[in-house]
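Student: The following block contains the structure, expressed as structure tokens.
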Amino acid sequence: MGKRIGASTRDLIITNLVAIVAGLVLSGFLLLFLDINPIQVYSSAIKTLFTDRYMAAEVFLKATPFIFTALAFAFTYKANLFNIGAQGQFYLGSVAAVSVSLLLDGKIPTAILLVVVFAATLLAGGLMGAGIGFLKARYNANEFLTSMMSTYVALAFMNYLLRTVLKETKGEYPQTDALSEAAWIPRIVPGTRLHLGFVIAVITAILIWVFLYKTPLGFRIRAIGSNARAGELAGINSRRIFVIAFLISGALAGAAGFTEVNGVQRMLIQDFNPDLGSAGIGIAILANANPIGIIFASILFGAISVIGTMMGRMPGINVPPSIVSIIQGSVMLFVIAAYYVRAMIGIRRDKKRLKREEA
Amino acid sequence: MNVAVGILARALTMSTPLLYGSLSEVVAERSGMMVTAIEGIFLIGAWGGFVGTYLWGSALYGILLAMGLGMVIAAIYAFVTVTMRQHQVVTGTALNILVAGLCTYFQRVLFGIPTSPLKIDRLPQLPVPLLSEIPVLGEVFFNQNILTYIMYAIIPIIYFVLYRTSAGLAIRSTGENPVASDVAGINVNFVRYATVLFSGLMGGVAGAFYSIGFLGMFTAGIIGGRGWIAFAICFLGNWHPFGAVVGTLVFGLAESISIYMQSLGSAGFLPNEFFIALPYILTIVLTVSRRSFKVPAKLGIPYVKEGG
């Protein structure tokens with residue numbers, strides 16, 4: 001038995017690595033269309049990643065919000081629910097972060113302010129999530145559709161605020177005033193932009209793992225996910241689970257607003273981080289919705305986006321930023337295919353074993 | 001009066017791509033396949049429509065390219081979800097991200113960074129002789145572009161095929177009871193490939209409508225969730241072609257009102273953003289208020305042949 005688990009973990013790692021490389025190679029071929037030597041840009045980007053402290057820190061900086069949105073998707077996924085609206089919950093979290101920060105900064109100590117802002121983002125994202133869960137529980141409204149659509153509503157809402165009450169004092173662009181230093185999340189590596197948010201994200205992922213696998217409520221959520229009817233027969237109120245799962249999921253996505261607004265942008269800008277939600281889904285799938293795996297998968301996606309940014313900035317070489325989506329999308333597709341390959345390998349192995357046992 | 005007629009005519013125009021999308025989604029979902037790559041298919045259709053028209057100078061080539069590219073994405077989607085039996089929502093998300101990257105990337109490969117947006121001629125409005133002169137109705141129904149007229153024909157054809165032919169029966173039974181279909185000699189996976197490819201073709205046209213029929217250009221945000229709205233309409237219309245027709249008309253009207261209110265600028269009594277969000281709010285409201293859904297029994301579930 002132990003050997004079997006060992007073999008499947010090895011399969012998981014090997015197939016996923018192959019999938020990631022395949023995604024990078026396929027995207028590399030596309031660079032040829034722009035007369036760019038993919039080997040040259042990849043190797044120089046990766047070399048920078050390992051030698052330049054600033055760029056290395058950027059990877060973890062980018063990974064931070066990914067961890068939150070991926071956890072958001074994974075959490076509902078465990079309950080066999082689909083929260084496709086992490087992007088919208090992130091936007092509401094961002095709005096909450098910037099509003100509370102602008103309202104309170106300078107008035108209370110930074111540490112307390114940051115705790116209040118963090119709580120506000122959890123609340124904003126969580127309430128939006130809970131709303132979707134409530135519609136599902138009360139009216140049996142398809143959560144896939146409602147969460148998907150809620151993102152567009154949240155986006156419009158955010159744009160409205162940016163155009164009106166939250167608009168900068170100068171009144172020029174649809175963006176807020178910059179936050180004062182008192183509202184910044186402290187940086188943890190000198191000379192880089194990496195801030196405490198990354199540590200918070202990692203701790204959150206661990207807590208979510210503990211919650212899902214070591215607590216009764218977490219067990220109930222997974223039970224509803226694996227077999228709703230059996231769970232209900234066992235006395236689990238699935239409607240309550242819908243609301244709770246979506247509440248937590250939304251709160252997790254909202255938290256990304258805290259790290260991005262107070263940790264990175266230090267203001268709210270129109271159209272920022274438009275792909276956090278969908279990247280979160282990809283990361284959650286790559287990690288098989290395992291919270292600990294999500295940490296590593298997020299770092300990988302962080303690296304992809306930093307590599308993409310670096311390639312765009314290399315002197316004389318103009319790699320368009322859209323290459324990042326191409327790499328992300330193709331890596332995701334190959335990772336999905338890897339699930340199939342692993343299943344095939346598993347079946348073949350079982351067949352062999354059966355043959356051996358028969359013989 | 002003129003304003004009202006204008007809004008209604010525009011409503012029908014805006015319904016057109018949604019109907020291409022949602023009707024094909026109905027066909028696919030009745031066979032058990034949610035085409036969650038629809039947003040990406042719309043997008044690549046919009047891009048293909050633009051590129052074909054821009055490079056080869058005719059909207060016909062644009063639409064053909066849009067169809068072809070839509071089918072390529074659909075084929076990848078079908079391969080991963082049908083042959084590899086992977087999760088449909090997840091696969092669609094991956095493809096949507098990929099397509100968004102590909103369109104922007106190849107726009108750059110083909111056209112570099114132009115100083116002003118590249119424009120193409122939009123599909124002309126073709127008033128139907130005599131019919132277009134009927135007051136109100138003529139203006140609304142018979143002064144549209146060619147894709148809307150084709151849509152009039154597609155509605156009854158899809159209804160007929162789905163409910164009155166053996167192919168339609170095969171599609172519907174595949175979504176309800178693939179085991180029974182298989183026993184009856186229907187190749188379940190073949191049917192599902194076919195319906196998904198059909199969705200790719202129709203979704204490509206729908207996307208092309210936005211670039212060729214409406215905007216006259218391509219932008220990365222040109223679809224902006226319209227694919228998902230077509231997807232939602234399929235649900236809201238209870239997986240029935242006529243339900244989809246009613247749904248698209250409602251959404252077309254919402255979008256038309258939204259465009260009209262935005263054109264008024266600050267004269268509107270509610271902020272523009274409310275009208276931008278209107279179709280999405282409407283989807284949520286309708287999803288919540290819809291009570292009885294006739295979901296195809298095996299929707300989203302891959303078919304595994306026993307012993308296979």
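Student: Would a scan of region A:114-125 turn up a residue that is of a type in the set (Phe, Trp, Tyr), more than 14 Å from chain B (Cβ to nearest Cβ) and buried (at least 18 other Cβ atoms within 10 Å of the Cβ)?
Tutor: yes
Student: Here's something else I'd like to know. Can you go through B:243, B:207, B:224, B:247 and tell me which one is within 14 Å of chain A (Cβ to nearest Cβ) and in a helix (DSSP H, G or I)?
Tutor: B:247
Student: Looking at (1) over 23 Å from residue B:33 (Cβ atoms); (2) among the hydrophobic types (A, V, I, L, M, F, W, C); (3) in a helix (DSSP H, G or I), which one does residue B:218 not meet, given that it meets all the others?
Tutor: (3)
Student: Moving on. Looking at A:317, A:294, A:336, which is the one that is on the phi < 0 side of the Ramachandran plot, in contact with a His (Cβ under 8 Å, 6 or more places away or on another chain) and either surrounded by fewer than 21 Cβ atoms within 10 Å (Cβ to Cβ) or in contact (Cβ under 8 Å) with a residue 40 or more places away in the chain (or both)?
Tutor: Exactly one residue qualifies, and that residue is A:336.
Student: Let me ask you something else. Considering A:148, A:128, which residue is aliphatic (A, V, I, L, M), within 10 Å of another protein chain (Cβ to nearest Cβ) and under 21 Å from residue B:286 (Cβ atoms)?
Tutor: Result: A:148 is the single residue among A:148, A:128 that is aliphatic (A, V, I, L, M), within 10 Å of another protein chain (Cβ to nearest Cβ) and under 21 Å from residue B:286 (Cβ atoms).
Student: Further question on the same structure: State all residues of region B:72-90 that are facing another protein chain (nearest Cβ under 7 Å), modelled with pLDDT of 95 or more and touching a Gly at 6+ places or on another chain (Cβ under 9 Å); if no residue qualifies, say none.
Tutor: none
Student: Let me ask another. Considering (1) under 30 Å from residue B:288 (Cα atoms); (2) over 21 Å from the mean Cα position of the chain (by Cα); (3) surrounded by 19 or more Cβ atoms within 10 Å (Cβ to Cβ), say which one residue A:153 fails and leave the rest.
Tutor: Exception for residue A:153: condition (2).
Student: Does residue B:248 qualify as being under 19 Å from the mean Cα position of the chain (by Cα), crowded, with 20+ Cβ neighbours inside 10 Å and at pLDDT below 90?
Tutor: no
Student: What residue, of B:200, B:204, is crowded, with 24+ Cβ neighbours inside 10 Å and either touching an Asp or Glu at 6+ places or on another chain (Cβ under 7 Å) or closer than 26 Å to residue B:293 by Cβ (or both)?
Tutor: Unique residue meeting the criteria: B:200.
Student: Could you list, in sequence order, the residues of region A:85-113 that are in a loop (DSSP other than H, G, I, E, B) and within 14 Å of chain B (Cβ to nearest Cβ)?
Tutor: The answer is A:85, and nothing else.
Student: I'd like the full set of residues that are part of a helix (DSSP H, G or I), of a type in the set (Val, Ile, Thr) and more than 24 Å from residue A:251 (Cβ to Cβ), limited to region A:274-324.
Tutor: If the condition is that a residue be part of a helix (DSSP H, G or I), of a type in the set (Val, Ile, Thr) and more than 24 Å from residue A:251 (Cβ to Cβ), then A:304, A:306, A:307, A:309, A:323, A:324 are the ones that fit.
For (1) of a type in the set (S, T, N, Q); (2) modelled with pLDDT of 95 or more, each residue gets a yes or a no:
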position: A:156; (1), (2): no, no
position: A:162; (1), (2): no, no
position: A:174; (1), (2): no, no
position: A:180; (1), (2): yes, no
position: A:191; (1), (2): no, no
position: A:202; (1), (2): no, yes
position: A:218; (1), (2): no, no
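Student: If the requirement is being within 14 Å of chain B (Cβ to nearest Cβ), farther than 30 Å from residue B:236 by Cα and in contact (Cβ under 8 Å) with a residue 24 or more places away in the chain, which of these qualifies: A:212, A:161?
Tutor: It is A:161.
Student: Scanning region B:251-293 for residues that are charged (D, E, K, R) and modelled with pLDDT under 80, which turns out farthest from the chain's Cα centre (by Cα)?
Tutor: B:291
Student: Another question, then. Under 6 Å between Cβ atoms, at least 6 apart or on separate chains: pull out the pairs that start in region B:1-15 with a residue that is surrounded by 16 or more Cβ atoms within 10 Å (Cβ to Cβ) and end on any residue that is modelled with pLDDT of 90 or more and hydrophobic (A, V, I, L, M, F, W, C).
Tutor: Once the first residue is surrounded by 16 or more Cβ atoms within 10 Å (Cβ to Cβ) and sits in region B:1-15, its partners that are modelled with pLDDT of 90 or more and hydrophobic (A, V, I, L, M, F, W, C) give B:11/B:253; B:15/B:249.
Student: For region B:96-112, which positions are more than 7 Å from chain A (Cβ to nearest Cβ), hydrophobic (A, V, I, L, M, F, W, C) and either more than 17 Å from residue A:35 (Cα to Cα) or crowded, with 21+ Cβ neighbours inside 10 Å (or both)?
Tutor: Scanning region B:96-112 gives B:99, B:103.
Student: Name the one entry in A:33, A:82 that is assigned to a loop (DSSP other than H, G, I, E, B), within 14 Å of chain B (Cβ to nearest Cβ) and of a type in the set (A, V, I, L, M, F, W, C).
Tutor: A:82
Student: Now for a different question. Filter region B:91-146 down to the residues that are touching a Leu at 6+ places or on another chain (Cβ under 6 Å) and in a loop (DSSP other than H, G, I, E, B), then identify the one that is modelled with the highest pLDDT.
Tutor: B:145
Student: Just to check your reading of the model, which residue among A:222, A:187 is surrounded by fewer than 19 Cβ atoms within 10 Å (Cβ to Cβ), basic (Lys, Arg) and under 29 Å from residue A:267 (Cβ atoms)?
Tutor: Answer to the selection: A:187.
Student: Hey, does region A:253-267 have a residue that's under 16 Å from the mean Cα position of the chain (by Cα), among the charged types (D, E, K, R) and either part of a helix (DSSP H, G or I) or at pLDDT below 90 (or both)?
Tutor: yes
Student: Exactly one of (1) touching a Phe, Trp or Tyr at 6+ places or on another chain (Cβ under 7 Å); (2) of a type in the set (Gly, Ala, Ser); (3) surrounded by fewer than 16 Cβ atoms within 10 Å (Cβ to Cβ) is unmet by residue A:137. Its number?
Tutor: Among (1) touching a Phe, Trp or Tyr at 6+ places or on another chain (Cβ under 7 Å); (2) of a type in the set (Gly, Ala, Ser); (3) surrounded by fewer than 16 Cβ atoms within 10 Å (Cβ to Cβ), the lone unmet condition for residue A:137 is (3).
Student: Whether any residue in region B:129-137 is buried (at least 17 other Cβ atoms within 10 Å of the Cβ), without any contact (Cβ under 8 Å) to a residue 12 or more places away in the chain and more than 20 Å from residue B:202 (Cα to Cα) is what I want to check.
Tutor: yes
Student: With respect to the numbered conditions (1) facing chain A (nearest Cβ under 9 Å); (2) surrounded by fewer than 24 Cβ atoms within 10 Å (Cβ to Cβ), which one is the sole condition not fulfilled by residue B:118?
Tutor: (1)
Student: What are the pairs with Cβ atoms under 9 angstrom where one residue, in region B:267-287, is within 7 Å of chain A (Cβ to nearest Cβ) and under 18 Å from residue B:18 (Cα atoms) and the other, located anywhere, is part of a loop (DSSP other than H, G, I, E, B) and aliphatic (A, V, I, L, M)? Sequence gap at least six, or different chains.
Tutor: Once the first residue is within 7 Å of chain A (Cβ to nearest Cβ) and under 18 Å from residue B:18 (Cα atoms) and sits in region B:267-287, its partners that are part of a loop (DSSP other than H, G, I, E, B) and aliphatic (A, V, I, L, M) give B:284/A:141; B:287/A:141.
The values are calculated or read from the model by the stated rules, or taken from the named source; none is laboratory data. Note that the structure is predicted; figures quoted are calculated from it, not measured. Neighbour counts run over all protein chains shown; Cβ positions are idealised from the backbone, glycine included.
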